[in-house]
Amino acid sequence: NAGVTQTPKFQVLKTGQSMTLQCAQDMNHEYMSWYRQDPGMGLRLIHYSVGAGITDQGEVPNGYNVSRSTTEDFPLRLLSAAPSQTSVYFCASSYLGGEAFFGQGTRLTVV
Amino acid sequence: AQSVTQLDSQVPVFEEAPVELRCNYSSSVSVYLFWYVQYPNQGLQLLLKYLSGSTLVKGINGFEAEFNKSQTSFHLRKPSVHISDTAEYFCAVSESFKTIFGAGTRLFVKA
């Protein structure tokens with residue numbers, strides 16, 4: 001039972017570098033989301049998708065891109081990393097009305 | 001747009017005492033409501049959810065929550081807490097395709 005798989009678990013980037021956080025789910029869920037977690041701010045929604053080919057912005061989308069070419073995969077791209085993007089990132093998947101299943105998170109540090 | 005307010009950022013309580021973690025939400029449409037728990041250095045796991053029906057919802061580990069539509073609240077309660085309940089608790093509201101989280105309440109159970 002893989003559930004939601006995120007890679008990598010840890011990453012250090014230099015300011016200005018780009019990278020992609022990977023997320024895959026094997027539950028055939030329609031909905032997938034990316035959140036960032038910062039102390040005292042809970043989880044804030046970055047982008048979400050309601051199905052292959054359909055994505056939309058969440059609460060804090062600036063500096064991030066997403067795409068959803070398949071039901072299973074929902075990668076998050078940082079185009080030009082900034083120190084303000086230092087955070088823990090969680091990917092989640094769900095079906096309408098159902099609970100969100102989370103990956104184990106990616107701890108990203110931008111120096 | 002939906003929003004979630006967790007009224008207490010930290011709640012210290014003695015072991016075996018009752019606890020209530022407060023959550024208020026705003027939304028223009030019907031919503032689904034959730035409570036999640038996050039133990040240190042782990043991902044989030046579902047405690048309980050309200051989709052429809054009975055306003056009193058029971059979850060895992062002895063927790064329960066009551067949906068109050070007129071007050072737009074979904075407070076989490078436990079009659080007797082244990083040291084192992086020390087964790088961060090997140091209230092979440094799901095409207096259509098988006099799930100938004102509150103800032104979290106850190107529950108600290110003292111011996």
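Just a few scattered comments:
- B:E64-A:K9 FRET efficiency (beta carbon distance; Förster radius 35 Å; 0.05 resolution): 0.55
- Measuring max minus min along each principal axis, the C-alpha atoms of the stretch A:48-101 give extents of 34, 22, 17 Å (largest first).
- Between the stretch B:1-53 and the stretch A:27-70, the C-alpha centres lie 21 angstrom from each other.
- Ratio Rg/Rh [Cα only; Rh per Kirkwood] for the stretch B:1-69: 0.96
- Cα-centred dipole magnitude for chain A, charges only on beta-carbon of K, R (+1) and D, E (-1), debye, nearest 20: 460 debye
- Extending 7 Å from the Cα toward the beta-carbon at both A:A52 and B:S9 defines two label points whose distance is 4.5 nm.
- Selected from A:F102, A:Y64, A:H47, residue furthest toward positive end of dipole (chain A; charges at beta carbon): A:Y64
- Applying a threshold of 27 Å to the alpha-carbon distances of A:K14/B:K98; B:K58/B:K110; B:K69/B:K110; A:K9/B:K110 flags A:K14/B:K98; B:K69/B:K110; A:K9/B:K110 as lying beyond it.
- A simple rule links phi to the HN-Hα coupling: the Karplus curve 6.51 cos²θ - 1.76 cosθ + 1.60 with θ = phi - 60°, which for the stretch B:9-19 gives 7, 9, 9, x, 8, 7, 4, 6, 7, x, 9 Hz, with x for Gly and Pro.
- Lys, Arg +1 and Asp, Glu -1 on Cβ, resulting dipole of the stretch B:28-107 about Cα centre, debye, nearest 20: 60 debye
- Per-residue shielding of B:31-40, expressed as the average number of other chain Cβ atoms within 10 Å of the residue Cβ, stands at 2.
- Rounded to whole Hz, the Karplus (6.51, -1.76, 1.60) HN-Hα couplings of the stretch A:82-93, x for glycine and proline: 10, x, 5, 8, 4, 5, 9, 10, 10, 9, 9, 9
- Other-chain or far-sequence residues with amide H under 5 Å of B:L48's (modelled H): B:W35
- Considered as an equivalent ellipsoid built on the Cα gyration tensor, the stretch B:55-111 has semi-axes of 23, 15, 10 Å, the largest given first.
- Judged by the mean number of other Cβ atoms found within 10 Å, the most tightly packed of the peptides A:52-59, A:32-39, B:43-50 leads the ranking A:32-39, B:43-50, A:52-59.
- Whole-Hz couplings from phi, Karplus 6.51/-1.76/1.60, listed for the stretch A:11-28; x for Gly and Pro: 7, 10, 10, 8, 3, x, 6, 10, 6, 10, 8, 9, 9, 9, 10, 10, 9, 6
- Where only C-alpha atoms are counted, convex hull volume of chain A per residue in Å³: 93 Å³
None of the figures in this text is laboratory data; all of them are computed from the coordinates on show. Keep in mind that this is a model prediction, so the values were computed, not measured. Neighbour counts run over all protein chains shown; Cβ positions are idealised from the backbone, glycine included.
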